[in-house]
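Working notes, structure below.
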Amino acid sequence: MKLNSGLALLASLSIALISGCGTGEASLSDAASADSITPVPVVVAAPRIADVFATYETTAKIAADAEAPVVARAEGQIVDILVEEGDLVSAGQILARLDGDRARLRMLQAKANLEKASGEYERQLSLHNRGLVSAAAFESLKYDVESLRAGYDLSQLNYEYTIIRAPINGVIALRIVKDGTHINFGDELFKITDTSMLVAYLKIPQTELAKIAPGQHAGVRVDSVPDAVFDATIARISPTIDTRNGTFRATAYLKNKDRKLAPGMFGRFSVAYEKHVDALLVPKDAVVKEDNENVVYIVQDGAAVRRPVSLGIESLGMIEIVGGLSDKEQVIVGGQTGLKDGSKVLADTRTAKVSAG
């Protein structure tokens, strides 16, 4: 009888233990199941319809198209400087003056000599017409007057050269001289740069040459104005190749009336060579590579749906979708890494921003 009671107690304990183990396993399974259906937060946006351009990307240094040194054409001492670096000047504007007293006196002396010889020539001309002066003496006087006139013109020019003028329109890029400096003929005094039109020389590889032609436009970005895109135009392409690097030289001009650009800046050029109208665009980061396919994920009924897509033009962070997607669908543009087809997602459109390139 006691044996039977012991067996009954052992059986009861075994059942309790088995029941306890089963309850623990069920709890772990439920937790794993709950984790599997926790939505993944993602950012979504609708694709945008806009024109997009295929572009060739390159970099080049921006330079001045017109630049001129201002050199002394007369000797003397600087007595007045009228401009400083950064000043805008126009062609013919006075930049500085030399001490012109010596040159002025020489000009006045030459003028007096010319007037004296001219008066004598007029008197001799009357006598010559009446045959009272030999032809040889009259011709000699005539040449003397011409020589004195040339000397006067030269001295007048030298006097004018004591006034330093701008040879071109532009901005004073460099002032070399100071007040009181004695300068000689040929000394450089200023440097003027015309920054209203700038130029850049783009290196085009042979493989890309067929895409580039005169008249095409390019967007230009520089570090000093990161949010601005400046316009450049391809003016010409050299017909000969640079054998050192296998490239052709394309000359691009940039209008710079607001003078936000400066010679010496480094520009990133995007030359537009092909246009697709009303293209379907998504951010480049929305496209992922899976099993040698280009894929985007869209949101349907709270789940991520895998969509293989065909790609077109890529420009300025945007990429064209030419097949596999419509503009009515919500594309996951953030948080799609690691998603699987059918993954539960929590979509957020607050930070999504899709813009054409």
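Read the figures in this text as sums done on the coordinates, not as results from a lab. Here the structure is a predicted model, which is why all the values come from computation and not from measurement. Neighbour counts run over all protein chains shown; Cβ positions are idealised from the backbone, glycine included.
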* Structure fact -> For A74, the residues 5 or more places away or on another chain with a placed amide H closer than 5 Å to its own amide H are G186
* **Inter-centroid distance (Cα atoms) of segment 133-191 relative to segment 49-123, Å** => 12
* What net charge do the residues around V295 carry, taking every other residue with its C-beta under 12 Å from that of V295, with Lys and Arg at +1 and Asp and Glu at -1? -> 0
* Structure fact -> Of the residues V333, A218, S118, the Cα lying farthest along the dipole of the chain towards its positive end, which is defined by charges on the beta carbon of Lys, Arg, Asp and Glu, belongs to S118
* Structure fact -> Computed on Cα atoms only, the convex hull of segment 84-198 has an orientation-averaged projected area in nm² of 10.1
* Could you pull out every residue, at least 5 positions away or on a different chain, whose amide H is within less than 5 Å of the one on S343? Hs are placed 1.01 Å off N in the peptide plane, and Pro or chain starts have none. => A304
* Asked: Hey, what number do you get for the chain at 222 nm if only DSSP H runs of n ≥ 4 count, each worth -39500 (n - 2.57), divided across all residues, to the nearest 500?
  -> -9000 deg cm²/dmol
* Structure fact -> Rounded to one decimal in nm, the spacing of the 7 Å Cα→Cβ label points at E274 and R236 is 2.9
* Asked: For segment 195-272 and segment 275-293, what is the separation of their C-alpha centers, rounded to whole Å?
  -> 27
* Would you work out the charge dipole size for segment 101-161 about its Cα centre, treating the Cβ of every Lys and Arg as +1 and the Cβ of every Asp and Glu as -1, and quote it to the nearest 20 debye? => 140
* Bin width 10 Å, alpha-carbon pairs only: give the P(r) of the chain as whole percents, running from 0 to the bin holding the largest distance. => 5, 14, 13, 13, 12, 10, 9, 7, 5, 4, 3, 2, 1, 1, 1, 0, 0, 0, 0
* Label-point separation (nm) for E139 and S310, each offset 7 Å from Cα along Cα-to-Cβ? -> 9.3
* Just how large is the dipole of segment 39-175 about the Cα centre, in debye to the nearest 20, putting +1 at every Lys and Arg Cβ and -1 at every Asp and Glu Cβ? -> 360
* Rg [Å, one decimal], Dmax [Å, integer] - segment 101-161, C-alpha atoms -> 13.9, 45
* Structure fact -> Per GNM of the chain with C-alpha springs under 10 angstrom, the most fluctuating residue out of K340, K116, K255 is K116
* Relative contact order computed over the chain (Cα-Cα under 8 Å; 6+ residues apart), in percent -> 28
* **Within a Gaussian network of the chain (alpha carbon springs, distance under 10 Å), most fluctuating of G151, G215, G119** => G119
* To do: Starting from the amide H of T247, placed 1.01 Å from N in the peptide plane, find each other amide H under 5 Å away whose residue is 5 or more places distant or on another chain.
  => D242
* To do: Report the semi-axes of the equivalent ellipsoid for segment 48-87 in whole Å, largest first, where each axis is √(5λ) for an eigenvalue λ of the Cα gyration tensor.
  => 49, 14, 7
* Say R0 is 25 Å: what FRET efficiency, to the nearest 0.05, do E290 and V322 get from their beta-carbon distance? -> 0.85
* Taking the simple approach of a point 7 Å from Cα along Cα-to-Cβ for both Q109 and H182, what is their distance in nm? -> 1.9
* About the Cα centre of the chain, what is the dipole size in debye to 20, counting +1 per Lys and Arg Cβ and -1 per Asp and Glu Cβ, all else neutral? -> 360
